[in-house]
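Presented below is the structure to which this report refers.
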Amino acid sequence: MYVCSCFGITEQQVRQHAETGACTPRQIAGACKAGTDCGSCVRKIQALLGRGACPRREALDPVVLTTAAATAAASVPAPTAAEAA
Ligand code: FES
């Protein structure tokens, strides 16, 4: 089934690009131009990527979440003695 009718890109082609490392609509566009004309297919591409078309995304998510949580915790200053009292 076609995802991008402007460039004749199928769901299967998007999945293949995702498997080889294109994990965002921008990266898919870089690989096959899908989404770079009228843009009406970008949400469909996002949905495909979000449904596990990109195996690397699931592999990276725990790292990204852990890193973001550690960064947020480190940026919060500890209360001073005066503030704690
Ligand atoms: S349908 Fe994909 S750019 Fe138009």
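Please treat every number below as a calculation from the coordinates, not as lab data. Owing to the predicted nature of the structure, the values given are computational and were not obtained by experimental measurement. Note that we place each Cβ from the backbone using ideal geometry, even for glycine, and neighbour counts take in every protein chain shown.
Work through the residues other than C6 whose Cβ is under 13 Å from its Cβ and net out their charges, Lys, Arg +1 and Asp, Glu -1. Each step should come with its number before you reach the end.
Numbers: positive: K33, K44; negative: D37.
So the surrounding residues net to +1.
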Gain in length, D37 to T20, computed as 0.36 nm per residue apart minus the alpha-carbon separation, to one decimal in nm?
-> 3.8 nm
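Which order results if C38, C6, C23 are arranged by neighbouring Cβ count within 10 Å, fewest first?
Ascending Cβ contact count within 10 Å gives the list C38, C6, C23.
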